[in-house]
Amino acid sequence: MFVDRVTIYVKGGDGGDGCRSFRREKYVPKGGPDGGDGGDGGDVRIVAVAGTDNLAAIVHRKHWRAQAGGKGQADNCHGRKGRDLTIAVPPGTLVLDRDRGHTLRDLTEAGQEVTVAHGGRGGRGNRAFASATNQAPREIQPGTPGEERWIVLELKTIADVGLIGLPNAGKSTLLSRLSQARPEIADYPFTTKHPNLGLVTIGDERAFLMADLPGLIEGAHSGVGLGHEFLRHVERTRVLVHLVEPFPPDDSDPLANYRTIREELLLHGRDLVEKPEIVAITKAELTGSEEARLRMERELERPVLAISSVTGQGLGALVGSIVQRLNDTTVAAS
């Protein structure tokens, strides 16, 4: 099961109460107060851990509470500190405060973390209140409660290259051909319900991560179909490969289909349409696909590749174009 959005309740551990105690020993008639302080409560931390690709491991647990601090004890013994609670998430997870609506942290790399609920502070025992004028204090301080809140964990797939296009454009087939990924493939729309990742290797040293992203339909920017469940994953990619089917089963126009996807990216915003894009006509082994490619090239006034995941036609040129665009984005960023 793939899960990319989870809402959970988190609470830091409560601080332990301070202790009221007086020293009672033979031959020590004025032992004085010896109540220790309570321990601090544990924190709740979200940590990005490599090797995980979705939030399925935490979806069935809604409440997460760190351990409370121990109470203070006699003989000036302080209470133990509560253990911190760590929640592991995949790199690329956005941590949001549900009620306030702001971002707590964007965990883009493994090892990054954020404390989402601080533990309460331990209360002071009566020893802490002793003074020259109050040599036998009876007051103590209770521990403070731990911080609590509802947070939203939202995963945005981190990939160098994102495959986009209408359902059945051939994204999953292309990913399986270029990498070791094995996404579900069928001859009906919306086979892909969640992003699939594959590592595309070039020689012995160079590689890039490619994501097969779920198909868009018109109105996706407003939540139609997979809507934002798809679009938020596009935000992380550096280069988009836009696959267009030359002969859609519904007899729609390939050029119109291309423009539909571009319009959805534009309406979603966040500069998605500004990302470097490679356009490719798929299923080049079919008769007449070259005419569709040439028409798109004329109308768009830009190069349009022809590829076939079945025969391998054009795949080398596609990978070369992807590498060039990735290099260009790296240079621009530096």
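The values are calculated or read from the model by the stated rules, or taken from the named source; none is laboratory data. These numbers were taken from a predicted model, which means no experiment stands behind them. A quick note on method: Cβ atoms are made from the backbone with ideal geometry, for glycine too, and the neighbour counts reach across all protein chains shown. Protein only, heavy atoms only, side chains kept; ligands, DNA and RNA dropped before computing areas. Shrake-Rupley method; radii C 1.70, N 1.55, O 1.52, S 1.80 Å.
Between the listed residues Gly119, Gly51, Pro249, the Cα displaced farthest toward the positive end of the dipole of the chain, a dipole computed from Cβ unit charges relative to the Cα centre, is found at Gly119. Computed on segment 76-165, with alpha-carbon pairs under 8 angstrom and 6+ residues apart, the relative contact order is 32 percent. Working note: Cα atoms of the chain, range along each principal axis, descending, whole Å: 105, 42, 35. Think of it as helices only: each DSSP H run of n ≥ 4 in the chain is worth -39500 (n - 2.57), and spread over all residues that comes to -5500 deg cm²/dmol at 222 nm. With a simple spin-label model that places each label point 7 Å from the Cα along the Cα-to-Cβ direction, the separation between Arg302 and Thr330 comes to 2.3 nm. Using a probe of 1.4 angstrom and keeping all protein chains present, the accessible surface of the chain works out to 50 square angstrom per residue. When +1 charges are put on Lys and Arg Cβ atoms and -1 charges on Asp and Glu Cβ atoms, the dipole computed for segment 1-131 relative to its Cα centre reaches about 760 debye. Surface composition of the chain: carbon and sulfur atoms hold 49% of the protein heavy-atom accessible area at a 1.4 Å probe.
Per-residue accessible area (protein heavy atoms, 1.4 Å probe) orders Trp150, Trp64 as Trp150, Trp64, starting from the largest. Per-peptide packing, taken as the mean over residues of other Cβ atoms within 10 Å, places 161-173, 282-294 in the sequence 161-173, 282-294 from highest down.
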